[in-house]
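Right, one structure below, let's go through it.
The values are calculated or read from the model by the stated rules, or taken from the named source; none is laboratory data. Being a predicted model, the structure only gives us computed values, none of them experimental. FYI the Cβ positions are ideal-geometry reconstructions off the backbone, even for glycines, and counts take in every protein chain you see. Accessible surface is based on the protein model in full, side chains and every heavy atom, while ligands, DNA and RNA are left aside. Shrake-Rupley method; radii C 1.70, N 1.55, O 1.52, S 1.80 Å.
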Amino acid sequence: STTSSKPPSSDGLAGEQRERGSRRKKSYRKRGRQPGHPGHWRKPVPAERINKVVELLPEQCIHCEKPLPRDGATGRGPGLRHQVTELPPIQPQITEYLCHRSCGPECGKETHPPLPPEVGGDFGPNLAALIAQLPVVCRMPRRGLALLEQVPGIHLSLGSVQSSWEEVGAAVAEPCAELEEQLPHEPVINSDETGYRTDGEKRWLWAFAASIFVVYKVALTRGAEVLLQLLGSVFAGTL
């Protein structure tokens, strides 16, 4: 808070953010490894993970400027290793399900087979998981998912992104419900909530940290009804 007599939580979401100066003091040390400290650099990849080796031979001695033999290395010790890591060309794997139509021998009406149960939308499980992870875990804006169109060539619209999110949400609904059911039986739970706005409306993100899992809950209130919903009217553990 801007005053010492009020806690920061009393400012609310509409309060003006105070100016914060940098707490870091300017250092006069040079960049990089400091004297007396070991350096850090990328370790070479083991030989079994190398996809391609390009052998280079010097053409001329840099000391006597005489030409060098081209039939192999004559120096002492192994050569210098320099590794370059690159992404391979990414091509999406597209599977088409062709549902043939057949006519009934008596009624003459057409019938086509249904899609397999694991085929729900336009994207497979790996791509759907990536679409859900980039905005939620990596905090990439929804429009930033155009990266998938630029790199692997997958066209995404905002509507298809939303549909994919809903599919992922339905896929994780059951394990999330299992964790919520386990919460009232935990001996110790650490809980907190924080407010934010969505299209100008207030929301609260609740976090319930148990011993080996965390339950997140988006609610319209920061009131006790959220605790009653997840922990019940009587909680036997320590909150």
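Restricting attention to segment 154-161, does a residue exist that is within 17 Å of the chain's Cα centre (by Cα) and either open to solvent by less than 50 Å² (accessible area, probe 1.4 Å) or free of Cβ contacts under 8 Å to residues at least 24 places away in the same chain (or both)? Yes: segment 154-161 contains one or more residues that are within 17 Å of the chain's Cα centre (by Cα) and either open to solvent by less than 50 Å² (accessible area, probe 1.4 Å) or free of Cβ contacts under 8 Å to residues at least 24 places away in the same chain (or both). What residue, among those in segment 185-209 that are in contact with a strand residue (DSSP E or B) (Cβ under 7 Å, 6 or more places away or on another chain) and of a type in the set (Val, Ile, Thr), is farthest from residue 235 (Cα to Cα)? Ranking the qualifying residues of segment 185-209, first place goes to 194.
What are the residues in segment 92-102 that are open to solvent by 90 Å² or more (accessible area, probe 1.4 Å) and farther than 21 Å from residue 161 by Cβ, if any? Selection gives 96, 97, 98, 100, 101. If the condition is being among the β-branched types (Val, Ile, Thr) and either open to solvent by less than 70 Å² (accessible area, probe 1.4 Å) or within 22 Å of the chain's Cα centre (by Cα) (or both), then segment 165-193 contributes 168, 172, 189.
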